[in-house]
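Every number in this text was worked out from the coordinates using simple rules, so none of it is lab data. Please read all numbers here as calculations on a predicted model, not as lab measurements. With ideal geometry, Cβ positions are generated from the backbone for all residues, glycine too; neighbour counts draw on all protein chains shown.
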Amino acid sequence: MTKPKVGFYWCASCGGCEEAVVDLHEAILDVVAAVDIVFWPCAMDFKRTDVEAMADGELAVCFINGAVRTSEQFEMVELLRRKAGVVIAFGACAQSGGIPGLANFTSKAAILANVYEDTRTTVNPHKTYPQATVQVPEGTLTLPVLDETVRALGQAIPVDYYLPGCPPPAKLIADAVGAILAGTLPAPGSVLAPNVGVCHECTRKETKPEKMLVTQFKRPHQVLIDPAQCLLAQGLVCLGPDTRSGCGAACPAGNMPCTGCLGALDQVRDFGAKALSGLASVLDAGEDAAIDAGLAGVPDPAGTFYRYSLPASELFAKLPE
Amino acid sequence: MSDTPAFEPRIVAFFCNWCTYTAADLAGTARLTYAPNVRVVRIMCSGRLDPQFVVTALRQGADGVLIGGCHPGDCHYQEGNYKMLRRFHLLKRMLKQFGIDDQRVRLEWISASEGDKVQRVINEMVAQVRDLGPLALVGKPTPHPDASEKHAAA
Ligand code: SF4
Ligand code: SF4
C-alpha cells in the first residue's frame, strides 16, 4: 500500500506550531513511518515548484498553521487547497486569527509607518517602503504585499477540520493523525477536540464554587496564587469556563489562568463577547463605582477576550480612525 | 436640495419582558409617538442579554443597540439586571477599544409604567446616532463555506 502524502505549511505564525509537531517526540517516528511527508518547508528543503508539480488532490492531508496576512500566503494556501484532499487549520492562528490577528486592532499603514519610519532605531531619510515590484538593472524584483487585515485560514480558503490550541497539544495532534490513518475523522467542519470547557479537565475544579462570586479581579502578578483553589474564585481572569478543553488544563495546573487559546465551544458564535459575559457576570458588585473598581483588574478587555480570535470575531477589526 | 437621502439609523432594542417591553406596549396604547428607527426584540430579562447579541446586531447592520431592563431592585428574577449592568460596563470599555462610539450602545432602566421614558430614550438615541452617522465596521471576509458544506453540495 502506498503511504498517504502529507504536507505542512506555515503562514503568519510564530513557529510554535511547527515546534508542536516536533514535540510529539518519539511518536513522530510512527507518523513518519505511516505517512509520506512531501512538503514541510520549515523542517526540510521543499520548494513551491514541488507543490505546483503535484496533481490536484495528490496530498491526502495538508496541515496549515498561521493566519493569512500577505499575498504570498494567500497564493500558497489556495495552491495547497487545490492539491490537498483534506485541509486542517492547525493552531489558533489558522483557526481564528490567533496572536497575529491582534494586528486588526491597528492598520496596515500604521504598522508600516512604525516599522519603516517611527521606531527610534530606524533611519530612513528617503522614506523607502517595500514595494510589490522594483526595477533593477538585472530585471524586475517582486515582494509579497501585506493585506489590509489579517484573516483566519477559513476566511481565505475552505477548511475541512480545525485543530485548536496555541499550539495544539501533542495529544490532540496524535489523536488527529490517528483518526486520519484509521479513517475515523468526524464530520467535515469539526473541531478536533472535545466540546467541553477547560474546567472539565482542571485539577482545581472540585474547588470551583457552585455560585461563583468575585469582588475584585486581579492580575497574576498582584497576588500570591493558592496552588489548589480555583483561579477564577481567587479573582484571577481564568477563561477556562468558556474555552474548549483538550489541553488537560495545563495552564491552571501550572498556576497560570487559562487565556483561551483553544477557542470557542461549538455553540458559541463570538468567543470574546461570550467570555466577557461570563467574567462580568460573576462579579459581586451592584453599584457603578464598585463594578468599575472590581473590573479594574481587566485593563484591556479587547486584548483579553479576543487574544486568539479577533479576525474570527463579529467585529473583526477596529474601526478605521 | 441634495439627492442623497438623509441617513436614517437602524437601532436594535432588546427589551425585557417584565418592564421595558411592557412600557413600550404602554407607550403604544397611550399613542405616544416615537422615532420608527427601532426594531424591538423581546427578551425575558435584561440578564438574558448576551453581549454576543450586541456585536452580532452591529455586524448585521445595526447602527446602535438599546438595552432596556427593570430598575435595580425590581428585576423579576432578582438580579438579572445587575448581571447586565456588570457586563455593560465591561462591554462599553471593550467597544471603545474597537473605536465604537459610546452613544451607540445604551442601557436604560425603564419600568412598566414609564411609557413616556421609552418615547424619550428612543427619540434621544435616534437623534444621537443620526448625528454620528452609519456605523462603518471593517468588512469581515465571508467565511468560506466549510468543506462540510462543500461536500454536502457535491
Ligand atoms: S497558534 Fe500559537 S503556537 Fe501556533 S503559530 Fe500561532 S501563536 Fe504560534
Ligand atoms: S481554575 Fe480556571 S479552568 Fe480551573 S476550574 Fe477554575 S475557572 Fe475552571
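Put in line by how crowded their Cβ is, counting other Cβ atoms within 10 Å and starting with the fewest, A:THR149, A:THR243 read A:THR149, A:THR243. The trypsin sites (Lys or Arg not before Pro) found in segment A:29-123 that occupy coil by DSSP, while having at most 10 further C-beta atoms within 10 Å, are A:LYS47, A:ARG120. Going from the fewest other Cβ atoms within 10 Å to the most, the residues A:ARG307, B:ARG120, B:ARG39 appear in the order B:ARG39, B:ARG120, A:ARG307. With unit charges on the beta carbons (Lys and Arg positive, Asp and Glu negative) and the dipole taken about the Cα centre of segment A:121-260, which residue among A:ALA152, A:ALA182, A:PHE217 sits farthest to the positive side? The one lying farthest along the dipole's positive direction is A:PHE217. Whole-Hz Karplus values for segment A:95-108 come out as 5, 9, x, x, 4, x, x, 4, 4, 6, 7, 10, 10, 4 Hz, taken residue by residue from phi with 6.51 cos²θ - 1.76 cosθ + 1.60 and θ = phi - 60°; glycine and proline positions read x. Where does the longest stretch of chain B lie that holds no chymotrypsin sites (Phe, Trp or Tyr not before Pro) found in a DSSP loop with 15 or fewer other Cβ atoms within 10 Å? Longest site-free region, per DSSP loop and neighbour criteria: B:78-154.
How large is the dipole of segment A:198-305 about the Cα centre if only Lys and Arg carry +1 and Asp and Glu carry -1, each at its Cβ, rounded to the nearest 20 debye?
280
Working value for segment A:1-193: equivalent-ellipsoid semi-axes of 33, 19, 15 Å, each the square root of 5 times a Cα gyration tensor eigenvalue, largest first.
Taking 45 Å as R0, compute the FRET efficiency from the Cβ-Cβ separation of B:ASP102 and A:ASP50 and round it to 0.05. Here the calculated transfer efficiency is 0.25. Amide H contacts for A:PHE46 (H built 1.01 Å from N in the peptide plane; partners 5 or more residues away or on another chain; cut-off under 5 Å): A:TRP40.
Here segment A:81-219 has an Rg and Dmax of 22.3, 73 Å, counting Cα atoms alone.
Each residue of segment A:226-234 was assigned a 3J(HN,Hα) from its phi angle through the Karplus curve 6.51 cos²θ - 1.76 cosθ + 1.60 (θ = phi - 60°); the sequence is 6, x, 10, 7, 3, 5, 5, 5, 7 Hz, with glycine and proline shown as x. With the gyration tensor restricted to C-alpha atoms of segment A:210-321, the semi-axes of the equivalent ellipsoid amount to 22, 19, 13 Å, longest first.
Sorted ascending by nearby beta carbons within 10 Å, beginning with the fewest, A:SER190, A:SER13 become A:SER190, A:SER13. Relative to the current alpha-carbon distance between A:HIS126 and A:ASN195, full extension at 0.36 nm per residue lengthens the span by 19.5 nm. Calculated [222 nm] ellipticity per residue, helices only, for the protein assembly as shown: -8500 deg cm²/dmol; basis is -39500 (n - 2.57) per DSSP H run with n ≥ 4, divided by all residues, nearest 500. Taken over segment B:11-153, the percentage of Cα pairs per 5 Å bin, counting from 0 up to the bin with the maximum distance, is 2, 10, 19, 20, 18, 13, 7, 5, 4, 2, 1, 0.
Less than 5 angstrom separates the built amide H of A:ASP36 from those of A:LYS5, A:VAL6, all sequence-distant by 5 or more or on a different chain.
For the residue pairs A:LYS208/B:LYS83; A:LYS218/B:LYS117; A:LYS3/B:LYS140, the C-alpha atoms sit more than 28 angstrom apart in A:LYS218/B:LYS117; A:LYS3/B:LYS140. A Cα-only calculation for the protein assembly as shown places Rg and Dmax at 25.2, 81 Å.
For chain A, the antiparallel share of DSSP beta bridges with both residues in that region comes to about 30%. Computed log10 I(q)/I(0) for segment A:174-256 at 0.12, 0.16, 0.20 Å⁻¹: -0.45, -0.66, -0.87, from the Debye equation with unit scatterers placed on every C-alpha and solvent omitted. In the protein assembly as shown, if the dipole is taken from +1 on Lys/Arg beta carbons and -1 on Asp/Glu beta carbons about the Cα centre, which of A:TYR306, B:ILE110, B:THR56 is farthest to the positive end? Result: B:ILE110. Phi-derived couplings, Karplus 6.51 cos²θ - 1.76 cosθ + 1.60 at θ = phi - 60°, listed residue by residue for segment A:46-54: 10, 10, 4, 4, 5, 6, 4, 6, 6 Hz, with x used for Gly and Pro.
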